[in-house]
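The values are calculated or read from the model by the stated rules, or taken from the named source; none is laboratory data. Note that the structure is predicted; figures quoted are calculated from it, not measured. Reconstructed Cβ throughout: ideal geometry from the backbone, glycine too, with neighbour counts over all protein chains shown. Surface areas here come from the heavy atoms of the whole protein model, side chains and all, with no ligands, DNA or RNA. Shrake-Rupley method; radii C 1.70, N 1.55, O 1.52, S 1.80 Å.
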Amino acid sequence: VFMTSPNCIAVTRMEDGLLMDVNVGFEEITGWTVSEAIGRTSREIDFWNDLADREFMVRELASGRDVLHRAFQFRRKDGALRNGVYSARSIAIANEACLIFSMEDVTDRQRLEGDREKLEQQLFQAQKMESVGRLAGGVAHDFNNMLSVIIGNTEMALSGVEPSDPLYKSLEDIL
């Protein structure tokens, strides 16, 4: 299970973060090969974007509490910052305080969720604009109906009035 998990799994010393064992998921997610990582500390490979995240984890584990589903940022070997969710538990190996750390890279999923939210907002905005357009079209239709009545009545009134009549000029203005 350790070696075949797609998640990053590492066994480290609690004291200094020395990587004692890592799986293939660690390689794929962090870019550090097993041989490059084992024997180095998480600080040496510059894994933690914010060292306070590791310090929090160690404090929680040292006080007997597991750390579960905690979000943080980590740095890949190429320097790229990624978002992860990790869980950690303390274990003892040869009477030494260690921890087992499991992490999932959620950067792509978060980006896709953000894209989906943007698309939902765009769809909502388009639906609002469509509703406003329909409303405006209805108002324009009703207004056009009223104008047709005014124009028709004005034309009929003009046909019954002589051009010399003072009312004729007012009816032309209306038309």
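Before rounding to the nearest 500, sum -39500 (n - 2.57) across all DSSP H runs of length at least 4 in the chain and divide by the residue total; then give [θ] at 222 nm in deg cm²/dmol.
Working: 5 runs with 85 residues, N = 175.
Only helices count here, giving -16500 deg cm²/dmol.
When the Cα positions of 146, 131, 39 are compared along the charge dipole of the chain, 39 comes out farthest toward the positive end, with charges on each C-beta of Lys, Arg, Asp and Glu.
Is there a quick way to get the dipole size of the range 1-123? I mean about its Cα centre, with the Cβ of Lys and Arg at +1 and of Asp and Glu at -1; what is the value in debye to the nearest 20? Don't skip to the answer; put the middle values down first.
Working: 16 positive and 22 negative charges, 25 e Å.
The dipole magnitude comes to about 120 debye.
Computed over the chain, the percent of Cα pairs more than 20 Å apart is 66. The stretch between residue 118 and residue 20, if pulled fully straight at 0.36 nm per residue, gains 31.0 nm over its current Cα-Cα span.
Using the 1.4 Å probe convention, the accessible area of the chain works out to 64 Å² per residue with neighbouring protein chains retained. The average projected area of the range 88-175, computed from the convex hull of its Cα atoms over all directions, is 10.4 nm².
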